[in-house]
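Okay, so here's the structure we're looking at.
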């Protein structure tokens, strides 16, 4: 359906039902989760009841939404919602202090992008709390669309994939040819190679910000803006995802979208022990 926040809301709700969601993460926040439900004109109580009781795969959840509505969503509202999410900023001092603390940023950090800060907070908390105790193999549940302060798409996914590989925790069936092609393309854009990248990960087991520091050093201290823009356009062409206007359904069938769905299906099967 191409609706921002909807997959995250789904995953939090069903993993809370299974007892896997960290207690600090609300299954239904009164911020983005409440807003995405309202954007789709859904009843919050019945939506949560369905997710808790049925714990459905993601595409089943989208099908349930369309059946509950009896029609398509108002795509004009969805597009406005997506645009809000892409451009949202954190301004509240208490929220910034909490988020900077989890990430490891100084209090005078100037980054306020909610997209970057929320992702970094997830990744840094995962690195500190969860990664050390892993004993099984999992896939990298970070999208190739995601990026950090260096604004390089796919770098966070490559970081997590490499960490899991170094710890022998990577579900290798989750890595497809397109993933490895993106690895090569990104490394060429930043002026390094697979061997150096993997050696750095294996020798240092860095958190995400430490990896970005290393990448910047490999690029001579500064990422070439033209190369970064060209690389990002390969992953998400300009105008797709953050400049959609009017009452048209957002595009949601790119190679990365299909990769995301495959990742979510694998994670769902692992958590709920279903084929």
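What is the extension gain from residue 89 to residue 44, computed as 0.36 nm multiplied by their sequence separation minus the C-alpha to C-alpha distance, in nm to one decimal?
13.7 nm
Assuming a ≥ b ≥ c are the square roots of the Cα gyration tensor eigenvalues, decide whether the range 96-157 counts as rounded (a/c under 1.5), prolate (otherwise, with a/b larger than b/c) or oblate.
oblate
Which value results when the Cα radius of gyration for the chain is divided by 2.2 N^0.38 Å?
After normalising by residue count via 2.2 N^0.38 Å, the value is 1.01.
Among 69, 163, 155, whose mean-square fluctuation peaks in a Gaussian network model of the chain (Cα, cutoff 10 Å)?
Judging by the Gaussian network model, the answer is 69.
Whole angstrom only: what separates the Cα centroid of the range 145-193 from the Cα centroid of the range 83-121?
24 Å
Along the Cα→Cβ direction, 7 angstrom out, place labels at residue 261 and residue 71. What is the inter-label distance in nm?
A separation of 2.5 nm, rounded to one decimal place.
Have a look at 176, 103, 65 and tell me which one the Gaussian network model of the chain (Cα, springs below 10 Å) gives the largest fluctuation.
Between 176, 103, 65, it is 176 that shows the largest mean-square fluctuation.
Mind sorting 50, 86, 208 by how few other Cβ atoms lie within 10 Å of their own Cβ, fewest first?
86, 50, 208
Treat each spin label as a single point 7 Å out from the Cα along the C-beta direction, and report the residue 23 to residue 136 distance in nm.
For residue 23 paired with residue 136, the spin-label model returns 2.3 nm.
If you take the Cα Rg of the range 1-81 and divide it by 2.2 N^0.38 Å, with N the number of residues, what do you get?
Rg over 2.2 N^0.38 Å, computed on Cα atoms: 1.03.
Between residue 254 and residue 229, how many nm apart are label points set 7 Å from Cα along the C-beta direction?
The two pseudo-label positions are separated by 1.7 nm.
Which shape class applies to the range 178-223: rounded if a/c is under 1.5, otherwise prolate when a/b exceeds b/c and oblate if not, where a ≥ b ≥ c are the square roots of the Cα gyration tensor eigenvalues?
oblate
Take the alpha carbon gyration tensor of the range 86-192, find the square roots of its eigenvalues, order them as a ≥ b ≥ c, and report rounded if a/c is under 1.5; if not, report prolate when a/b exceeds b/c, else oblate.
Verdict is oblate for the range 86-192.
All of the numbers you see were taken from the coordinates with simple rules; none came from a lab. This structure is a prediction, so every number in the text was calculated from the model and none was measured. Counting neighbours? That spans all protein chains shown, and the Cβs are built from the backbone with ideal geometry, glycine included.
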